[in-house]
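What follows is a set of notes on a single structure, which appears directly below.
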Amino acid sequence: MKTLLTNVRLIDPEAQTDAPGWLLIDDAIIGATGPTGPAEPTADNVIDCGGKCLAPGIVDIGVKVCEPGERHKESYRSAGLAAAAGGITTMITRPDTLPAIDTPEVLEFVRRRANEAAPVNVLPMAALTKGREGREMTEIGFLLDAGAVGFTDCDRVISDTKVFSRALTYARSLGALVISHVQEPILSAGASATSGKFASLRGLAAVTPMAERMALDRDIALLEMTGARYHADQITTARALPALERAKRNGLDITAGTSIHHLTLNELDLSDYRTFFKVKPPLRSEDDRFATVDAVRSGLIDIISSMHTPQDEESKRLPFDEAASGAVALETLLPAALRLYHADHLSLPQLFRALALNPAKRLGLSSGRLDPGAPADLVLFDPDKPFVLDRFKLLSKSKNTPFDGARMQGKVLATFVGGEKVFG
């Protein structure tokens, strides 16, 4: 079965091009692409895309799905449907569940549930230490064999440097990717905002941006010692960028990501104490936001992710400092990212380099490209379609989005996973 998507704008993050053309889906893979013209191939099914944009499906690192333990917040079925509606074709899920995904048996359960329930690809990460308690590392080799694509304790930073260095050394011997949350744990404990005049005026518990820099500096020193494969999940401050640049220049195997919320929101959004804006790390200053956007544009920050973190109403309807951190973002990731495109901060190929190509490369996946032979994981979208977001129309079980009621621009029209249309 061949499907021809014709009259499209091909967004190629590898070639960094945005040009009219066509794409042929041959069963589950991309058969060919080419420019608009008389040489377009024939196919069993021809879809005229009306000049809309076609890009590789988003590969989202750091999605929290609350199975096992908190299925009322998000299930693999609801997360998979939300991901498909958001143009995400591969979810890389976090192990911060109840219980934590720290044994091959729990990982196998998660993989089986995900494959049964989700219409998109789901690749699980596993905990780096047992129970995410930072005391004893997990059986990394067995978890790799069971299908773990990375190892992280998520926002529970391993404060025992000896434990972390041993885990990095062992991961290095197996070629495993370690993902770290770069916040100095003592300074950042209990923080809801970034320290400064605004946080003081609002009376919010705050953390200095140096907490991010200090944690990154420690991790870089351990990388020099161990030679491990390493990814910093969220770089959100200007102070951390010089250290990241030096580490890359020195040849360490390090990449970095940031969340869509830190690219499109800032600390002033906390002014009304709306807890849907409480995320971890806390929203930063506008100067930090601009510095982070610049780092994505230059390629210093490699990856943009949703950091999708469902929370129920009960955990959010609390005083700001007591409310749970996190926001759902599977369906808002692309339209929020398109704010950077419409503001002329990033081109569409630059956006999809960070949303699709780089995360796929970091994880050793063949997706994230428009090359013939790559999986036909694709998103068709209208970058100019305006809408007002209604959180109650989101497909996620939890509705804790900071973009509720926001005017947004950019709609997903169709999502393909392995050549099969799963949305649209």
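Remark: C-alpha extents of the range 197-311 on the principal axes read 44, 27, 23 Å, sorted largest to smallest. Size of the chain from its Cα atoms: along the principal axes, largest to smallest, the extents are 63, 48, 44 Å. In the context of the full set of protein chains, the chain has a per residue accessible area of 38 Å² (1.4 Å probe).
A straight Cα-to-Cα reach below 19 Å connects K248 with the lysines K361, residues fewer than 8 places away in its own chain not being considered. Of the cross-linked pairs K278/K393; K52/K278; K197/K393; K73/K385, those separated by over 32 Å at the C-alpha level are K52/K278; K197/K393. Size descriptors for the range 120-254 (Cα atoms only): Rg and Dmax, in that order, 15.8, 51 Å. Any chance you could give the angle, 0 to 90 degrees and rounded to 10, that helix 333-342 forms with the longest Cα principal axis of the chain? Roughly 80 degrees, rounded to the nearest 10. For F392, F198, the ranking by accessible surface with the largest value first comes to F392, F198, using a 1.4 Å probe. Once the Cα atoms are used to define both axes, helix 104-117 deviates from the longest principal axis of the chain by about 40 degrees. Computed on protein heavy atoms with a 1.4 Å probe, the accessible areas place F381, F109 in the order F109, F381, largest first. Its Cα centre serving as origin, the range 51-183 has a Cβ charge dipole (Lys and Arg +1, Asp and Glu -1) of approximately 240 debye. Taking the Kirkwood radius as Rh and the Cα radius of gyration as Rg, the range 293-373 has a ratio of Rg/Rh equal to 1.09.
Only protein heavy atoms count here; under a 1.4 Å probe, K411 has an accessible surface of about 80 Å².
How about the range 120-161: which trypsin sites (Lys or Arg not before Pro) there are in a DSSP loop, with at most 11 other Cβ atoms within 10 Å of their Cβ? The qualifying sites are R135.
Length, then width, then depth: along the principal axes, the Cα atoms of the range 275-324 run 40, 20, 11 Å. Our note on the geometry: Cα centres of the range 1-34 and the range 139-158, 35 Å apart.
The C-alpha atoms of the chain define a longest principal axis, and helix 210-226 lies at about 80 degrees to it.
The convex hull around the C-alpha trace of the range 368-424, projected and averaged over every direction, spans 5.0 square nanometres. Short to long, the 10 Å bins of the Cα pair-distance histogram for the range 1-137 hold 12, 32, 24, 19, 11, 3, 0 percent of all pairs.
The values are calculated or read from the model by the stated rules, or taken from the named source; none is laboratory data. The model shown is predicted, which means the values in this text are computed figures rather than measured ones. All Cβ positions, glycine included, derive from the backbone under ideal geometry; neighbour counts span all protein chains shown. Note: accessible area is taken over every heavy atom of the protein model, side chains too, but ligands, DNA and RNA are not part of it. Shrake-Rupley method; radii C 1.70, N 1.55, O 1.52, S 1.80 Å.
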